1. Go through region 215-245 and give me each residue that's farther than 23 Å from Ile178 by Cβ and not in a loop (DSSP other than H, G, I, E, B).
2. Of these, Val219, Val230, which one is crowded, with 22+ Cβ neighbours inside 10 Å, more than 14 Å from Glu244 (Cα to Cα) and in contact (Cβ under 8 Å) with a residue 40 or more places away in the chain?
3. What are the residues in region 151-177 that are more than 21 Å from Gly16 (Cα to Cα) and of a type in the set (A, V, I, L, M), if any?
4. Here are the criteria: (1) in a loop (DSSP other than H, G, I, E, B); (2) closer than 24 Å to His11 by Cα. Tell me which single one Ala190 does not satisfy.
5. Residues to consider are Asp252, Asp182, Asp257, Asp203; find the one that is without any contact (Cβ under 8 Å) to a residue 60 or more places away in the chain, surrounded by 18 or more Cβ atoms within 10 Å (Cβ to Cβ) and out of contact with any strand residue (DSSP E or B) (no Cβ under 6 Å at 6 or more places or on another chain).
6. Would you mention how many residues in region 111-121 are outside any loop (DSSP other than H, G, I, E, B) and more than 10 Å from Ser79 (Cα to Cα)?
7. Restricting attention to region 25-41, does a residue exist that is part of a strand (DSSP E or B), of a type in the set (Val, Ile, Thr) and crowded, with 16+ Cβ neighbours inside 10 Å?
Amino acid sequence: MDIQRIEEMPHIERDGGSMPCLGLGTFQNSGEECRRSVATALDVGYRHVDTARMYENEQSVGAGIKDSSVSREDIFLTSKLAMGSLDRKGVHSSCDKSLQCLDTAYLDLLLIHWPEEDTPLEETLEAMADLKSAGKIRHIGVSNFTVSWLERLLAVSDESIFCNQIEYHPYLDQSAPIGFCDEHGIAVVAYSPLARGKVMKDDRLTTIGAKYGKSAVQVALRWLLGQAGVAAIPKGRSEDHIRENIDIFDFDLNEEDLKEISALEHDQRLIDPDWAPEWDEPR
């Protein structure tokens, strides 16, 4: 990966902060493999790393950051609150545990991992605002929030919401939450952007990629990041995959290819646990 291409990676600007539009996802990556993949990703040009209390890998992520040649202040680091910890005490405790495990003084972004009915959003956001005032986090965000949950969020707090992290890939229509976020200045971060490997087996995306000398994976990521205000956090364990995922900033999809991707089936939600909210219908 050449340095010029890395420097040209787009960033998303929100709430006085700047987030690289491509990050490394670490869900289901743990131990030494996680540590190595984080260090490798940073050394080849990534500057955005995503983790969560639920992933139980923050210590490995932190070790990978330390192993890399990149300074902490040059990394946009995201974690998420533990589920069932959205009351004031739980928010502070969860954040402190993340900081301890990651061995860092602050998080660039802290997310509510899933919306929960048991604790008022006002209490959660007030606690997160306290963390922001204390310098423990720089930005507040959410994950898996539907339009109705986002409306509730904005109705009870004046806090700036940096992003909504949601499942998003070529096989899932997310026009409703994305449209709402765009209208309210909230970035979107796509998790599972490769549809848990389905993308790489898609002959249609492979054919499109062949025109540019790119893979189906690279086409899918380029499609996502070509959308205003959208970032993506693909997983990557091996150095080859990590490099493949970031090597996408030297081409643009033409209108014909964009239309073909838009014609793919868009009803395949892959992440739908029992505690998920009632998902939005397409606009």
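1. Glu239, Asp240, His241, Ile242, Arg243, Glu244
2. Answer to the selection: Val230.
3. Passing the criteria: Ala155, Val156, Ile166, Leu172, Ala176.
4. (1)
5. Answer to the check: Asp257.
6. Total satisfying the criteria: 1.
7. For region 25-41, residues part of a strand (DSSP E or B), of a type in the set (Val, Ile, Thr) and crowded, with 16+ Cβ neighbours inside 10 Å: absent.
Residues checked against (1) among the aromatic types (Phe, Trp, Tyr); (2) assigned to a helix (DSSP H, G or I); (3) crowded, with 21+ Cβ neighbours inside 10 Å:
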position	(1), (2), (3)
Glu123	no, yes, no
Met128	no, yes, yes
Lys132	no, yes, no
Ser148	no, yes, no
Ala155	no, yes, no
Glu159	no, no, no
Ile166	no, no, yes
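Each reported figure results from applying straightforward, stated rules to the coordinates on display, with no laboratory input. What you see is a predicted model, and the numbers here were worked out from it, not measured in a lab. All Cβ positions, glycine included, derive from the backbone under ideal geometry; neighbour counts span all protein chains shown.
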